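No value in this document is a laboratory result; all are computed from the given coordinates. Predicted model only: the values in this text are computed from it and were never measured. Cβ: placed from backbone, ideal geometry, glycine included. Neighbour counts: every protein chain shown.
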Amino acid sequence: MKKLRKAVFPVGGLGTRFLPATKAMPKEMLTVVDRPLIQYAVDEAREAEIEQMIFVTGRGKSAIEDHFDISYELETTMSERGKDLDAIQGTRFRPGEVIYVRQQEPIGLGHAIWCARHIIGDEPFAIFLPDELMVGTPGCMKQMVEAYEQTGGNIVCGYEVPDSETHKYGVITPGEQHGALVEVKALVEKPAPGTAPSNLMIPGRYILQPEVMRVLEGQARGAGNEIQLTDAMAQMIGTQPFHAWRFDGRRFDCGDKAGFITANIALALDREDIAPAVRSWMRDTLG
Ligand code: UTP
């Protein structure tokens, strides 16, 4: 089994649910407490010992590249003023750690992943959707890598949502279950309300085999007239091992306004430096 070394971060989407905030700023740069979403995803990948980050970007996304670059002016000025650089530690990519690929038109997540096919080559790879903030110890991808080292093949993250929400996501038809590991028998993207095969959805973390790129190559457009990753993955079932890993942790859908606000409150309450002030304000407000 080949070691998981590469990860794709598709960041080429338009983020229309978050307009006007995302008119001139990438959705992935929205901030939860004091870090942009994309930084949480990269930190999760580093914790899982991923060595090469592949960003599939689009127009108007250069703030993401700048965030992970060296900021000479900031670093020099802060050093001269005796300020420590802790706050920007870890925001720089090491030389060769990142590759940027351009998705020229945002025609779906499946298409964004396919844009990275030459860099993936014949290796397994992870995918992170940065607007899904996964909080766990260990992190979500690290948990998945530990499962992958036992099963090989393809592993998607699985997360239970109420029945009323399944129509928004890719949903799993579960087979046999061994602890947190669930056999995947089928996948369906955005099932019509009341028709979902389970309430186990896929919250934006995947470990896939490179063969999925060949499936994506001839993939027709699916739900929303977009090239869907779920449809390509569904075709891999039966040809390779395919499992879901029930994530042990918290998940926040930060591509959605309510999910984003909830993430900010939850993570603020986790932080010793600001939790007392936030909690006191909440107590006064909520009574
Ligand atoms: P979303 O479904 O959240 O779409 O994409 P979106 O365009 O970002 O946001 P809305 O729905 O218009 O508000 C899930 C992930 O896939 C990426 C997005 O950047 C996000 O990380 N994506 C989506 C692409 O990279 N390219 C695409 O063509 C579509």
### Query
Regarding the range 153-232, what is the average projected area of its C-alpha convex hull, in nm²?
5.4
### Task
Quick one: compute the contact order of the range 44-156, relative version, from alpha carbon pairs under 8 angstrom and 6+ residues apart, as a percent.
39
### Query
Each residue of the range 12-25 in turn: what ³J(HN,Hα) in whole Hz from Karplus with 6.51, -1.76, 1.60 and θ = phi - 60°, glycine and Pro shown as x?
x, x, 8, x, 5, 5, 10, 5, x, 4, 9, 5, 10, 10
### Sequence-distant residues sharing a close amide H with Gln228 (under 5 Å, placed H)
Gly110, Gly222
### Task
For the chain, give the magnitude of the charge dipole about the Cα centre (Cβ charges: +1 Lys/Arg, -1 Asp/Glu; no others), in debye to the nearest 20.
500
### Enclosed volume per residue, in Å³, of the convex hull spanned by Cα atoms of the range 1-72
116
#### Entry: Mean Cα-pair separation over length for the chain, i.e. relative contact order, pairs under 8 Å, 6 or more apart, %
22
### For the chain, the Rg and Dmax computed from alpha carbons only, in angstrom
19.3, 61
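Report the relative contact order of the range 33-104, percent, no decimals, based on alpha-carbon pairs under 8 angstrom and at least 6 residues apart. Provide the component values of the computation, followed by the final result.
Working: 44 pairs, mean separation 36.2, N = 72.
Normalised by residue count, the contact order of the range 33-104 is 50 percent.
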### Message
Can you compute the label reach from Asp163? Point 7 Å from Cα along the Cβ direction, backbone N cut-off under 18 Å, restricted to the range 192-206.
### Response
192-201
### Message
Test of understanding: what is the full-extension gain from Met1 to Leu85, defined as 0.36 nm times their sequence separation minus their Cα-Cα distance?
### Response
26.2 nm
#### Entry: Farthest positive-ward along the range 230-287 dipole, Cα basis, beta-carbon charges - from Thr285, Leu269, Gln235
Thr285
#### Entry: Whole-percent pair-distance distribution, where bins are 5 Å wide, for the alpha carbons of the range 41-184
2, 7, 14, 16, 19, 16, 12, 7, 4, 3, 1, 0, 0
### Summary
Taking a ≥ b ≥ c as the square roots of the Cα gyration tensor eigenvalues, with a/c under 1.5 meaning rounded and otherwise prolate when a/b beats b/c or oblate if not, the range 207-257 comes out oblate
### Spatial separation of Cα centroids for the range 221-285 and the range 134-170, in angstrom
11
### Query
Using just the C-alpha positions of the range 163-286 as equal point scatterers, what log10 of I(q)/I(0) does the Debye formula give at each q in 0.10, 0.13, 0.14, 0.16 1/Å?
-0.44, -0.67, -0.74, -0.88
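Here is the link list: Lys168/Lys257; Lys23/Lys83; Lys142/Lys185; Lys27/Lys83; Lys27/Lys190; Lys23/Lys257. Which ones come out longer than 26 Å on Cα distance?
Long pairs (Cα-Cα over 26 Å): Lys23/Lys83; Lys27/Lys83.
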#### Entry: Candidate aspartates and glutamates for bridging to Lys6, where Cα separation is under 16 Å - those fewer than 8 sequence places away on the same chain excluded
Asp43, Glu44, Glu47, Glu49, Glu51, Glu97, Asp122, Glu123, Glu146, Glu149, Glu211
